[in-house]
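Each value in this text was obtained by applying a stated rule to the coordinates, not by laboratory testing. Being a predicted model, the structure only gives us computed values, none of them experimental. Quick reminder, even Gly has a Cβ in these numbers, built from the backbone with ideal geometry, and neighbours come from all protein chains shown.
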Amino acid sequence: MTQHALIDVRVVSVRDVARDTRLFEFARADGAPLPDGEAGAHIGVHMANGVMRQYSLVHAAAAPKSYVIAVKCDAGGRGGSRWMYDELREAALLQIEAPRNNFPLAEHARSSVFFAGGIGITPIHSMVMRLQALARPWTLHFACRSRADAAFYDELSSMGGTRLHFDDESGRYFDMAGAVKRAERDAHLYCCGPAPMLAAFEAATADWPRELVHVEYFTARAEAATAGGFTVDCAKSNKSFYIPPGRKILHVLREGGVTVSSSCEEGICGACEVDVLSGIPDHRDAILTAAEREQNKTMFVCCSGAKSDKLVLDL
């Protein structure tokens, strides 16, 4: 596996789209088209302060001339959004990673119901617009603390499938359980938003067919596996490594000269996915479904460990 290629881009435009939420548009520095961006996909943005963060694409397009992302400024965050707000201006140059998609849209579903909270509207906006272009049916439940926090408010509120909820106007939180209960039982359900909304969505869809439930996480879902005490064999490079307590597989492999692509190192971006040839991983990512975890055909080495004494990976 090779490191994900970086693309040199220029900032085309910067504009506010809601309170503390700003749109950034990037185009290739050489003017060529960018790689395809599917609905639900995200890109990695490499910043001059050494931070790399993933941001969902606002629009889905084939060979687009530009990418647009929405960034909500988090003063208490880890430095990504703050740097973009304070430093990133039109004409600035930086590098990005091509889109990956861990939150794909089932374009031909008979019915699609979306639940978005706050900045979680970003990937769902691209999905809604894609279905609108395909003339496919959809319903969007968009919940924010206040109307001022609703990105794309004018655009979405004019569309018949949108249901808006604002905590400060209704005097209560969004009724996730009730909304899920009203959905058609063969509908595909999607959710992206803050942790409490995701927890409510998972509880409300606990008895829903798993293949119809789709969730996007912005933060790690579980603590990384660092118990160690097992061996990782790399089949292609013919190297073997002992993973001691307190260490992650990814870091030990890198120190041993094995190249592994990575970005978030939290199990949410999908960059470090590796095929498992034998052994039982201790899955800690927020990407694989329960069925995929049981199959143990793949794992994310930035955060996952091992339940067996040995893992053999296709590296």
Placing unit charges on C-beta atoms (Lys and Arg positive, Asp and Glu negative, everything else neutral), compute the dipole magnitude of the range 6-100 about its Cα centre in debye, rounded to 20.
180 debye
What are the ³J(HN,Hα) values, in whole Hz, obtained from phi via the Karplus relation 6.51 cos²θ - 1.76 cosθ + 1.60 with θ = phi - 60°, for each residue of the range 147-164 in sequence order, with x given for Gly and Pro?
4, 5, 8, 8, 5, 6, 4, 4, 5, 6, 5, 7, 9, x, x, 8, 10, 9
Once both label points are put 7 Å beyond Cα along the C-beta direction, the residue 292-residue 132 separation in nm becomes 2.9 nm
Positive end of the charge dipole of the range 147-214 (Lys, Arg +1 and Asp, Glu -1 on Cβ, about the Cα centre): tell me which of 157, 192, 205 has its Cα farthest that way.
205
Residue by residue through the range 285-302, the couplings from Karplus 6.51 cos²θ - 1.76 cosθ + 1.60 with θ = phi - 60°, in Hz, x for Gly and Pro, are 7, 10, 10, 5, 6, 4, 5, 5, 5, 5, 6, 6, 8, 8, 7, 10, 7, 6
Kindly identify the range 156-218 as rounded, prolate or oblate by the Cα gyration tensor criterion: order the square roots of the eigenvalues as a ≥ b ≥ c, call it rounded if a/c is under 1.5, otherwise compare a/b with b/c, prolate if a/b is larger, else oblate.
prolate
Restricting attention to the range 153-188, which chymotrypsin sites (Phe, Trp or Tyr not before Pro) occupy a DSSP loop and are surrounded by at most 14 other Cβ atoms within 10 Å?
173
Classify the range 5-70 as rounded, prolate or oblate from the Cα gyration tensor: take a ≥ b ≥ c as the square roots of its eigenvalues, call it rounded if a/c is under 1.5, otherwise prolate when a/b beats b/c and oblate if not.
rounded
Just going by the charge dipole of the range 230-313, with Lys and Arg at +1 and Asp and Glu at -1 on Cβ, which of 296, 308, 267 is farthest out on the positive end?
308
Can you grab the distance from the C-alpha centre of the range 146-201 to the C-alpha centre of the range 299-315, Å, no decimals?
37 Å
How much of the DSSP beta bridge set in the range 230-313 is antiparallel, as a percent to the nearest 5?
75 percent
Per-residue ellipticity at 222 nm attributable to helices in the chain (runs of n ≥ 4 DSSP H, -39500 (n - 2.57) apiece, nearest 500 deg cm²/dmol) works out to -5000 deg cm²/dmol
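About the Cα centre, and with charges only on the beta carbon of Lys, Arg (+1) and Asp, Glu (-1), how big is the dipole of the chain? Nearest 20 debye, please.
Numbers: 34 positive and 39 negative charges, 14 e Å.
With Lys and Arg at +1 and Asp and Glu at -1, about 60 debye.
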Theoretical FRET efficiency, 1/(1+(r/R0)^6), r = Cβ-Cβ of residue 227 and residue 251, R0 22 Å, to 0.05
0.90
Taking every DSSP bridge whose two residues both lie in the chain, the antiparallel percent to the nearest 5 is 65 percent
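Calculate how large, on average over all directions, the projected area of the Cα convex hull of the range 189-234 is; give the answer in nm² to one decimal.
One quarter of the hull surface, i.e. the mean projection, equals 5.3 nm².
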Taking just the alpha-carbon atoms of the range 230-313, what radius of gyration and Dmax come out, in angstrom?
11.6, 32
Got a sec to turn the phi values of the range 18-29 into Karplus ³J(HN,Hα) couplings, 6.51 cos²θ - 1.76 cosθ + 1.60 with θ = phi - 60°, whole Hz, x for Gly and Pro?
5, 4, 6, 10, 10, 9, 10, 10, 10, 10, 4, 4
Set the Förster radius R0 to 22 Å, insert the Cβ-Cβ distance between residue 13 and residue 145 as r into 1/(1 + (r/R0)^6), and round the FRET efficiency to 0.05.
0.25
